[in-house]
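Nothing in this text is a laboratory measurement; each read-out follows from the coordinates by a stated rule. These figures come from a predicted structure and were not determined experimentally. A quick note on method: Cβ atoms are made from the backbone with ideal geometry, for glycine too, and the neighbour counts reach across all protein chains shown.
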Ligand code: HEC
């Protein structure tokens, strides 16, 4: 009798596990081993272990990128802008900032954007022509910043970036209001103000034109092209 029951059970099990689909495993003894529950990376199920917690649903589930992570970019100019600014000590690193170069070029687009940013973020202190005579200074009697084409005429772009990033005395940091690219764009405009309103690169072009030096003209055209598509 036991033998008959055993044979019958085996027969039923064998028949039950047969299916038509050739990719199917048939009867699955441990289904989770074959098909793990799908967990989408950016969908928040609001789960803690096996419990759903409603208050956790719809919250950001992805973790923040690690400190110092930079977005991938195949454009070398954009990648250079994204590199971390390593001079993070406001006072001690000020002199070292001299060696930092502007990663973006004085293209028409960058100069225009720099002037636009200057017109609403800097003009009230520094004045339209960068003479240090903005309305805040004139009306409040606060100490005036130096004139860009006077006391600050020789100031390097690296130091400007350092001051915009960390602030200096009465001028606060602008790092939270302006992206690095925007800081470099407004610096192009400050360079123009240091130079009587025309960015030094334009003067190079004018000289190139007047002396018919095709080599210098080609160089400045190259410089512009490298920054296109920024
Ligand atoms: C609240 C007023 C105020 C605003 C707004 C302001 N600045 Fe200044 N800025 C100052 C003062 C004051 C100084 C002088 C700081 C010092 O050397 O003590 C200064 C200094 C500077 C310097 C010289 C930095 C150095 O290293 O000596 C630059 C360049 C500059 N500002 C650019 C900008 C730009 C660009 C903006 C707009 C994005 C801006 N500032 C917005 C008040 C301001």
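From least to most packed, judged by other beta carbons within 10 angstrom and beginning with the fewest, 163, 77, 6 follow the order 6, 77, 163.
In a fully extended conformation the segment linking residue 94 and residue 45 would gain 12.8 nm over its present Cα-Cα distance, using 0.36 nm per residue. Dimensions of the range 85-141 based on its C-alpha atoms, expressed as ranges along the principal axes with the largest first, amount to 37, 32, 15 Å. The modelled label-to-label distance between residue 129 and residue 9, using points 7 Å beyond Cα along the C-beta direction, is 10.2 nm.
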